[in-house]
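Structure record follows, encoded as structure tokens.
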């Protein structure tokens, strides 16, 4: 799978792929990472990519010409590329989006800067527009990396054990149960005894209860959703009470 980052600041992005799981996936040619800088497509004398906002307002806006030229070049190479813009003014990115996008062959992330991107560019080129949360970042690169990471781990072969995907938070309405490692007793704080007895049925039951507690405390809206789907019989058999 190929990811293209359309960004003015390649250095912010590329360091993330120098270690760990994604580095190994790139080395195995499961993932490919490319970069496209709109500044290289600017037709202004000094490669300018921003201008003042029409109608007034603080800050500068990324203007259409460099971005449109960059995206035209991208689509001329691969007309099927799936283009995503990152902005707080969009639908929230969810786990189901990560799983769906992992089936694409080529995804491009357009990272905004300054006060944002000229809306005409978004309207013309966006296949989807995502937000990663109700807060403002300095630029879209971090949001692009968040989505790229989330999508990548759902690509076949990226994770060492793909079975781990099935028990993660947001695969159902519940948050994932707590995890523990050795030693069994660390500074007087012990792993739950049920985890140590080898009865996998009882361990699954305990994990379900702990997942419910976590969800109810941290994400009460998710817990309400879980209760509704459980009552209507929509949960998989292994997670029904």
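Kindly state which helices (runs of 4 or more DSSP H) lie completely within the range 1-106 and contain at least 2 residues that are touching a helix residue (DSSP H, G or I) at 6+ places or on another chain (Cβ under 9 Å) and more than 26 Å from residue 118 (Cα to Cα). Hits in the range 1-106: 20-27, 95-101.
Against the criterion of being farther than 24 Å from residue 45 by Cβ, surrounded by fewer than 20 Cβ atoms within 10 Å (Cβ to Cβ) and without any contact (Cβ under 8 Å) to a residue 40 or more places away in the chain, residue 128 does not qualify.
In summary, residue 96 fulfils each of the numbered conditions (1) within 20 Å of residue 155 (Cα to Cα); (2) in contact with a strand residue (DSSP E or B) (Cβ under 9 Å, 6 or more places away or on another chain); (3) surrounded by fewer than 12 Cβ atoms within 10 Å (Cβ to Cβ) with the single exception of condition (2). Go through the residues of the range 99-119 one by one and say whether even a single one is touching a strand residue (DSSP E or B) at 6+ places or on another chain (Cβ under 8 Å), modelled with pLDDT of 95 or more and surrounded by fewer than 14 Cβ atoms within 10 Å (Cβ to Cβ). Within the range 99-119 (the criterion being touching a strand residue (DSSP E or B) at 6+ places or on another chain (Cβ under 8 Å), modelled with pLDDT of 95 or more and surrounded by fewer than 14 Cβ atoms within 10 Å (Cβ to Cβ)), the answer is yes, since at least one residue qualifies. Only residues that are out of contact with any strand residue (DSSP E or B) (no Cβ under 8 Å at 6 or more places or on another chain) and within 21 Å of residue 142 (Cβ to Cβ) were counted in the range 10-36, giving 11.
Counting only helices (runs of 4 or more DSSP H) that sit wholly inside the range 125-239, those with at least 1 residues that are modelled with pLDDT under 90 are 200-218, 220-231.
The values are calculated or read from the model by the stated rules, or taken from the named source; none is laboratory data. As the structure is a prediction and not an experimental result, all values here were calculated from the model. Neighbour counts are summed over all protein chains in view; Cβ atoms, including those assigned to glycine, are modelled from backbone coordinates with ideal geometry.
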